[in-house]
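The values are calculated or read from the model by the stated rules, or taken from the named source; none is laboratory data. Everything quoted here is computed from the prediction, not taken from an experiment. All Cβ positions, glycine included, derive from the backbone under ideal geometry; neighbour counts span all protein chains shown.
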Amino acid sequence: MARKKRTHEEHTIDPAAQEMLYRADELGIGTAFSRADEMVPCNIGSAGMCCKICSMGPCRLTKDGQTGVCGATLDTIQARNLIRGIAAGAAAHSDHGRDMALTLKAVANDETEGYMIRDVAKLRMVASYYDIPIEDRSPKEIANDLADLYIAQFGQQHGKVIPVIRAPEKRQKVWEDTGVMPRGVDREIVECLHRTHIGDDQDPEHILQHAVRTAIGDGWGGSLIATDVSDILFGTPAPILGQANLGVLKKDMVNVVVHGHEPTLSQMVVAASQDPEIIEYAKAAGAEGVALSGICCTANEILMRQGIPAAGNFLHQELSILTGAVEAMVVDVQCIMQALTNLASNFHTQIITTSPKVKIKGAMHIEFDEHKALTIAKQILRTAIDNYKNRGEIQIPDATEDLIPGFSHEYINYMLGGSYRASFRPLNDAVMSGRIRGVAAIVGCNNPRSTQDYLHTYVAEQLLKQDVLIVETGCGAIASAKVGHLLGEAGLDQVGPGLREICETIGIPPVLHMGSCVDNSRILTVLSQVVEEGGLGDDIDQVPAVGLAPEWMSEKALSIGTYCVASGVYVIFGGSSPVSGMPDRVSDSDVVAKFISEGWEELYGGKMEFIPDPDEMVRKSLEHIDKKRADLGLPEYDPERYGQSGDARMLELEELPFAERRAAVYGVAAD
Ligand code: NFS
């Protein structure tokens with residue numbers, strides 16, 4: 001039975017995406033949106049009730065009390081399925097971190113082409129966290145030691161993954177006491193697979209404790225390493241003007257879209273695209289030049305560092321090709337749909353795979369190697385330029401939105417106090433006084449089973465009205481960019497009065513773009529700094545903050561959610577729960593759902609819940625923030641209390657007679 005076919009207005013709220021879906025209909029081409037309509041999800045599998053770990057099955061547990069052939073209960077099967085997803089997500093992010101560490105090592109030894117250490121200050125700061133000597137040493141010497149230390153974290157067998165020392169002390173103790181301190185990034189991922197092999201770990205809570213250990217190894221290990229090294233090699237992001245949506249593709253230029261995750265290749269493509277030799281080559285082909293843009297987290301990496309425009313988020317990958325204006329889509333790893341090559345065969349677009357880990361039938365493979373990075377990036381661009389002459393009819397939606405990305409934790413620290421008084425004090429004070437009610441991190445994917453960008457932007461808008469400051473990463477950040485939430489003071493009239501005052505005073509948008517998904521590690525760092533600053537408790541679980549992934553779909557999101565919970569955050573996923581069980585089997589399947597919510601909350605102060613209704617997501621977020629405020633003894637949030645000072649208030653006061661103005665400003669009686 002096919003699902004109801006949705007209209008394109010139900011598929012996405014983005015008019016540019018709708019335009020491309022109508023074009024797909026005209027051309028008779030399917031997309032993820034139409035395939036999601038045609039493909040009915042298996043209700044046994046999606047609820048985590050199917051075990052296919054050995055060939056005695058697959059066992060589908062649909063009746064009360066039923067077990068698999070080996071005797072596995074529903075709870076065990078759900079826990080196994082969940083931990084395997086978390087392991088895959090942690091592996092993806094952390095392998096990205098490994099590649100970055102290996103690149104740093106190669107750069108430190110002069111073995112690469114085109115790379116350099118761009119952020120020496122960050123290199124020195126990170127090295128000093130681990131007592132790597134920095135005085136009287138060259139950046140390459142320091143980088144060599146840091147690279148060795150970071151590379152060792154992946155294969156380490158004992159002890160703890162070293163970046164965890166950057167978590168609040170109390171949090172580290174929680175992890176020690178509950179036995180979830182990760183020993184080595186790879187070791188925990190391998191152990192997930194071992195424990196879930198037929199006949200191994202069968203206690204669901206015990207299985208899920210190891211899921212926590214694995215995820216901490218990702219968030220505070222592999223992902224943090226990826227972020228650190230990306231900043232050291234390519235620069236720590238700071239605000240920069242960018243653009244988002246399909247209108248960034250250019251009619252008279254060779255359009256090259258980079259898609260995937262690792263910045264090593266995309267940064268080099270950026271450098272190559274500005275090379276006079278390449279620009280000349282493009283002009284000789286009849287184009288005005290090369291227009292580079294990004295999809296998914298690769299987009300975020302080059303957007304927040306170089307201001308290279310983002311063509312869109314996850315569900316825009318097919319839509320960008322549907323414009324007919326893309327000469328090459330260059331992909332590396334993660335979130336790349338296999339459908340791309342088939343779709344591209346309707347146009348002239350060349351799909352180019354570049355990672356030794358990822359090949360797709362029908363794509364051209366130009367393998368990337370950091371030792372010859374610039375040469376390969378130029379080869380890729382020449383291939384795209386050669387393809388320009390094959391372009392047919394094009395249709396580029398007239399849709400772009402400006403945005404200001406680049407709010408790294410270093411920049412947030414700086415922006416709050418300037419060079420002399422860089423500090424999180426003003427942010428903490430704003431939360432303590434109630435001008436900012438709390439903080440929400442809205443992150444994660446698009447999922448064609450929900451209306452593209454709707455949940456992200458709806459939840460963000462509701463929370464902004466309630467004076468909740470929002471930080472975003474990944475495809476969620478691009479969703480906000482497309483509707484204009486990431487632009488300076490635009491849209492501040494939709495924001496609560498206290499938060500508005502803060503945004504106007506500092507000069508920031510109410511939604512801060514903090515980077516790619518791997519950069520959720522930046523959010524962990526911000527939370528740690530907030531704790532260190534004082535006044536909002538002595539551990540992350542006391543901070544009035546929530547994490548939301550309203551349109552999640554990837555296993556990486558499960559790992560992110562789990563390490564955030566382990567760090568003390570209440571995490572809400574939208575969409576369907578992979579551990580829901582059948583509606584009429586709630587009692588049986590409760591063990592896992594309850595453990596990751598109530599059980600984890602008892603252990604870590606954070607909990608994981610799956611809530612499909614956006615209003616309920618907002619309600620529970622605010623309830624949680626208010627509870628944390630009350631636990632800290634902070635004043636109850638009062639929407640009427642602020643918004644009457646700052647520039648707006650001064651303008652109003654100018655209208656008043658002097659005595660009344662003085663009374664209002666200094667709180668003295670108007671005599
Ligand atoms: Ni995150 Fe980034 Fe997007 Fe989801 Fe995929 S790109 S790593 S997984 S789809 S947010």
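Yes or no, residue by residue, for (1) of a type in the set (Ser, Thr, Tyr); (2) within 16 Å of the ligand (Cβ to nearest atom); (3) in a loop (DSSP other than H, G, I, E, B):
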site: Met56; (1), (2), (3): no, no, yes
site: Asp64; (1), (2), (3): no, no, yes
site: Ile77; (1), (2), (3): no, no, no
site: Arg84; (1), (2), (3): no, no, no
site: Val107; (1), (2), (3): no, no, no
site: Tyr115; (1), (2), (3): yes, no, yes
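What helices (runs of 4 or more DSSP H) completely inside the stretch 232-310 contain at least 3 residues that are within 30 Å of Ala143 (Cβ to Cβ) and either hydroxyl-bearing (Ser, Thr, Tyr) or in contact (Cβ under 8 Å) with a residue 24 or more places away in the chain (or both)?
Numbers: elements: 263-273, 276-284, 296-306.
Correct list: 263-273, 296-306.
Yes/no matrix, rows are residues, columns are (1) in contact (Cβ under 8 Å) with a residue 12 or more places away in the chain; (2) more than 16 Å from the ligand (Cβ to nearest atom); (3) within 17 Å of Ser621 (Cβ to Cβ):
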{"residue": "Leu469", "(1), (2), (3)": "yes, yes, yes"}
{"residue": "Cys475", "(1), (2), (3)": "yes, no, no"}
{"residue": "Ile478", "(1), (2), (3)": "yes, no, no"}
{"residue": "Gly496", "(1), (2), (3)": "yes, yes, yes"}
{"residue": "Val518", "(1), (2), (3)": "yes, no, no"}
{"residue": "Thr525", "(1), (2), (3)": "yes, yes, no"}
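Spot the failing condition for Cys59; the list is (1) over 29 Å from the mean Cα position of the chain (by Cα); (2) over 30 Å from Val212 (Cα atoms), and only one is missed.
Going through the list (1) over 29 Å from the mean Cα position of the chain (by Cα); (2) over 30 Å from Val212 (Cα atoms), Cys59 breaks only (2).
Residue by residue, here is whether (1) in a strand (DSSP E or B); (2) more than 16 Å from the ligand (Cβ to nearest atom) holds:
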{"residue": "Asp538", "(1), (2)": "no, yes"}
{"residue": "Leu558", "(1), (2)": "no, no"}
{"residue": "Thr562", "(1), (2)": "no, no"}
{"residue": "Val571", "(1), (2)": "yes, no"}
{"residue": "Ser577", "(1), (2)": "no, yes"}
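Report, by residue number, each residue of the stretch 157-180 that is part of a loop (DSSP other than H, G, I, E, B) and surrounded by 20 or more Cβ atoms within 10 Å (Cβ to Cβ).
The initial filter retains those residues of the stretch 157-180 that are part of a loop (DSSP other than H, G, I, E, B), namely 157-161, 167-168, 178-180.
Hits for the stretch 157-180 are Lys160, Val161, Ala167, Pro168, Val180.
Could you give every pair whose Cβ atoms fall below 7 Å, whose first residue belongs to the stretch 77-99 and is among the polar types (S, T, N, Q), and whose second residue is crowded, with 24+ Cβ neighbours inside 10 Å and not in a helix (DSSP H, G or I), counting only separations of at least 6 or pairs across chains?
From the stretch 77-99, the pairs are Gln78/Gly48; Gln78/Val579; Asn81/Gly48.
Tell me the residue from Ala88, Ala92, Ala152 that is among the small types (Gly, Ala, Ser), more than 16 Å from the ligand (Cβ to nearest atom) and assigned to a helix (DSSP H, G or I), please.
Numbers: Ala88 fails: more than 16 Å from the ligand (Cβ to nearest atom); Ala92 fails: more than 16 Å from the ligand (Cβ to nearest atom).
After ruling out the rest, the residue left standing is Ala152.
What tally of residues in the stretch 9-42 results from selecting those that are under 30 Å from Val591 (Cα atoms) and either free of Cβ contacts under 8 Å to residues at least 60 places away in the same chain or assigned by TED's automatic domain parsing to the domain that holds Ala481 (or both)?
Qualifying residue count for the region: 3.
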